[in-house]
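The structure appears right after this line, and notes come after that.
Quick note: the coordinates plus some simple rules give every number you see, no bench work behind them. Values in this document were obtained by computation on a predicted structure and should not be read as measured data. Please note: Cβ atoms are built from the backbone with ideal geometry, for glycine as well, and neighbour counts cover all protein chains shown.
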Amino acid sequence: MKVTFIGAGSLIFTRRLLVDLVRLPFPREEIEVALVDINERRLSYITRIAQRIFAENGIPIERITATTDRRAVLGGSQYIFISILVGDIEAIRK
């Protein structure tokens, strides 16, 4: 099962979903995750978090793909979560 997170840099949301994902009652060897974010720093951070979650649950970290190019990973996704901030942080401040 391939799950893609667009806007994966939303650290709290993505982390919670990843924890829930690895707790689902289906074979862990079927879990594959693609993380997508335009912010490379946030993408790197959530990738490290995902690797730790996978490792702690006996899932090979090689099943994680991280990229800034959503088109590269959308194919084959059974589920796609979109968590993006439109207008950057200024949209929240207003």
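Mind giving me the FRET efficiency for Ile80 and Ile38? R0 is 22 Å, r the Cβ-Cβ distance, nearest 0.05 is fine. Display every interim value, and only then the final one.
On the way: r = 16 Å, r/R0 = 0.73.
Efficiency for this residue pair is about 0.85.
Projected area of the chain, taken from the Cα convex hull and averaged over every viewing direction, in nm²?
Details: hull surface 23.9 nm².
Reported value for the Cα convex hull: 6.0 nm².
For segment 42-55, in order, what is each residue's ³J(HN,Hα) by Karplus, 6.51 cos²θ - 1.76 cosθ + 1.60 with θ = phi - 60°, in whole Hz (x at glycine and Pro)?
5, 5, 4, 5, 5, 5, 5, 5, 4, 4, 5, 4, 5, 4
Among residues other than Ser83 whose Cβ falls under 13 Å from its Cβ, what is the net charge (Lys/Arg +1, Asp/Glu -1)?
Numbers: positive: Arg15, Arg16, Arg42, Arg70; negative: Asp37.
It works out to a net charge of +3.
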